[in-house]
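These notes concern the structure reproduced below.
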Amino acid sequence: MQKPAFDPGLTNQFSGLLRRSINQDGTFNVRRRGVSWRDTHPYLRLINMSWPSFLLTVLSAYFVANILFALFYLALGPDQITNADAPTTMGHFQNVFFFSAQTLTTVGYGSMVPRTLGANAIAAVECLVGVLVLALGTGLLYGRVSKPSARIGFSAQALIAPYQDTNSLQFRVVNRRENLIMEMEARVMLMTVRKSESGLQRDYA
């Protein structure tokens, strides 16, 4: 287990027993408390999660939706959908599952069609859900692809050197990607450590 340190991730040397506020990869080591489900925005969460997590979430939601609608079709009975009947319950579930996938994606091969009013009603609801989910998925995918991202590198060591009749803290920043950055703005946070009666404290400027 790594020993907790006072290093905020901005220097090479550290001391003390406090935890880092910034990890080595640049992420903030912040623990949120008192957060409820109302404070979580699904869109922002889906936009900012990693690609493997996003694809896994989409795939899981797709299978869960088809399983739920397949259970609805299965509860209606074996004669509600044409060519969906099978000798076993598992075979019948497999048929209505693929029928649900065809309906949800609005593919509709035509080999299986709903017969009764109940089956048609569920299929109509599923078609509406499929259109809405497709639009939502397209928006999320476009939002993830079009979201601008920077790949900025910086020097491992900072220097204190003369600058305009005074001393300044200097470090180098570079764009790791091939595109050009125009009108770049940078915000630098200076953190100092001082001793107080309660122990070590951080000051930010």
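Of all residues being under 16 Å from TYR62 (Cα atoms) and of a type in the set (A, V, I, L, M, F, W, C) in segment 101-122, which is surrounded by the fewest Cβ atoms within 10 Å (Cβ to Cβ)? Just the residue, please. Please lay out each step first, then the result.
Just the residues of segment 101-122 that are under 16 Å from TYR62 (Cα atoms), to begin with: 101-107.
Okay, now just the ones that are also of a type in the set (A, V, I, L, M, F, W, C), so 101, 104, 107.
Values: ALA101: 18, LEU104: 20, VAL107: 10.
Selected residue: VAL107.
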Q: Report yes if LEU68 is assigned to a helix (DSSP H, G or I) and over 30 Å from ASN48 (Cα atoms), otherwise no.
A: no
Q | Residues (open to solvent by 70 Å² or more (accessible area, probe 1.4 Å), on the phi < 0 side of the Ramachandran plot, free of Cβ contacts under 8 Å to residues at least 12 places away in the same chain and not polar (S, T, N, Q)) located in segment 138-180 | A | LEU141, TYR142, VAL145, PRO148, ILE160, PRO162, TYR163, GLU178, LEU180
Q. Out of the residues in segment 32-88 that are of a type in the set (S, T, N, Q) and open to solvent by 100 Å² or more (accessible area, probe 1.4 Å), which is farthest from TYR142 (Cα to Cα)?
A. ASN83
Q.
Among the numbered criteria (1) open to solvent by 40 Å² or more (accessible area, probe 1.4 Å); (2) over 24 Å from ALA135 (Cβ atoms), which one does PHE98 miss?
A. (2)
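The values are calculated or read from the model by the stated rules, or taken from the named source; none is laboratory data. What you see is a predicted model; the values in this text were computed from it and never measured. A quick note on method: Cβ atoms are made from the backbone with ideal geometry, for glycine too, and the neighbour counts reach across all protein chains shown. These area figures cover heavy atoms from the full protein model, side chains too; ligands, DNA and RNA do not enter into them. Shrake-Rupley method; radii C 1.70, N 1.55, O 1.52, S 1.80 Å.
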